[in-house]
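What follows is a short report on a single structure.
The values are calculated or read from the model by the stated rules, or taken from the named source; none is laboratory data. All values reported here derive from a predicted model rather than from experimental measurement. Cβ coordinates were reconstructed from backbone atoms using ideal geometry, including for glycine residues, and neighbour counts include every protein chain displayed. Side chains included, ligands, DNA and RNA excluded: accessible areas come from the protein's heavy atoms. Shrake-Rupley method; radii C 1.70, N 1.55, O 1.52, S 1.80 Å.
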Amino acid sequence: MLVFWEKVILPLLNWAGAKKIVEIGSEFGGNTYKLLNYCGATNGQLFAIDPAPQYDVHEYKRMFHKQFHMILDYSLEILPHLNGYDFVLIDGDHNWYTVFNELKIIETMAMKTGKFPAVLLHDTEWPYGRRDMYYFPESIPPAFTIPYAQKGMEHGRSELLESGGVNWILNNAIYENGERNGVLTAIEDFLQHTRLHLSFHQLHSHNGLGIITTKNRYSDEQIKTILSASQL
């Protein structure tokens, strides 16, 4: 998600006036570092959720101790215990079950507080827009897990490759498309069933970025302007 920082994420943070931010999927810490700098300048708070971050969390805590809250767990375990956040970045486990339920938990929080946060979701395009991937397959109920294999992918081909290909070391669903399969499918299913009035905006480059916000004509126009100006 770091590729979107300067032209999309930072302008959206400023537009939203975000003060309490949740980042799901911290990984190598690049985007986390940018978010913490933002929080330092705005007196904000960042709650980063990741069971296995790949950077020096203690060093980040030393640099940003007032702004930084690192939670080493799965998002679906932690989100129900967080409230009042106004900005969420979802770039964690790229599968239907996780993303759909993250959005449902966010919806529940919004129903209590009366405010739906701005939600940014990475990987709404190929390869994971219409295909599940499981970082931690054991965390997904078997009924919601599509058969998967540690094999790579090729654009335009549903079945996995026997050797090589994109992300061959990850647990990729053995087929693309279909029900309950992929990040974008999860977003569409959520939007179809939510009781809230929400807008959905998309960027199609860099594996795709989706943005969900409360439906408001003025806000929608501002977001469209930010996305258009990004030229992404």
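Structure notes:
- Protection proxy ranking of 211-218, 44-51, by the mean of other Cβ atoms within 10 Å over each peptide's residues and highest first, is 44-51, 211-218.
- Of all accessible heavy-atom area on the chain, the percent that carbon and sulfur account for (1.4 Å): 51 percent
- The range 1-103 shape via C-alpha gyration tensor axes, a/c threshold 1.5: rounded
- Lysine pairs in the range 15-138 with Cα atoms under 24 Å, if 8 or more residues apart or on separate chains: 16
- Electrostatic bookkeeping for Q45 treats Lys and Arg as +1 and Asp and Glu as -1; over the other residues with beta carbon under 9 Å from its beta carbon, the sum is +3.
- Rounded to the nearest 20, the Cβ-based charge dipole of the range 119-192 about its Cα centre (Lys and Arg +1, Asp and Glu -1) stands at 80 debye.
- Evaluated with a Cβ-only charge set (Lys, Arg +1; Asp, Glu -1), the chain carries a dipole of roughly 880 debye about its Cα centre, given to the nearest 20.
- For the range 147-232, the dipole from Cβ point charges (+1 on Lys and Arg, -1 on Asp and Glu) about the Cα centre works out to 320 debye, to the nearest 20.
- The range 1-80: relative contact order as a whole-number percent, Cα under 8 Å and 6+ apart: 28 percent
- For the chain: accessible area per residue (Å², 1.4 Å): 48 Å²
- For the chain, the longest principal axis of the alpha carbon atoms and the long axis of helix 96-113 meet at an angle near 20°.
- Beta bridges per DSSP with both ends in the chain, % antiparallel, nearest 5: 45 percent
- Cα lying deepest toward the dipole's positive end in the range 20-106, options M63, I78, T98, charges on Cβ: M63
- Mean ellipticity per residue at 222 nm, deg cm²/dmol - from DSSP H runs of n ≥ 4 across the chain, formula -39500 (n - 2.57): -9500 deg cm²/dmol
- Nearest 10 degrees, 0 to 90: helix 217-230 Cα axis against the chain principal axis: 70 degrees
- Euclidean distance of C-alpha centroids, the range 106-147 and the range 21-82, integer Å: 18 Å
- Angle between the chain longest axis and helix 30-42 axis [Cα atoms, degrees, rounded to 10]: 10 degrees
- Relative contact order computed over the chain (Cα-Cα under 8 Å; 6+ residues apart), in percent: 19 percent
- Among G164, G152, G25, residue whose mean-square fluctuation peaks in a GNM of the chain (springs only between Cα atoms under 10 Å): G164
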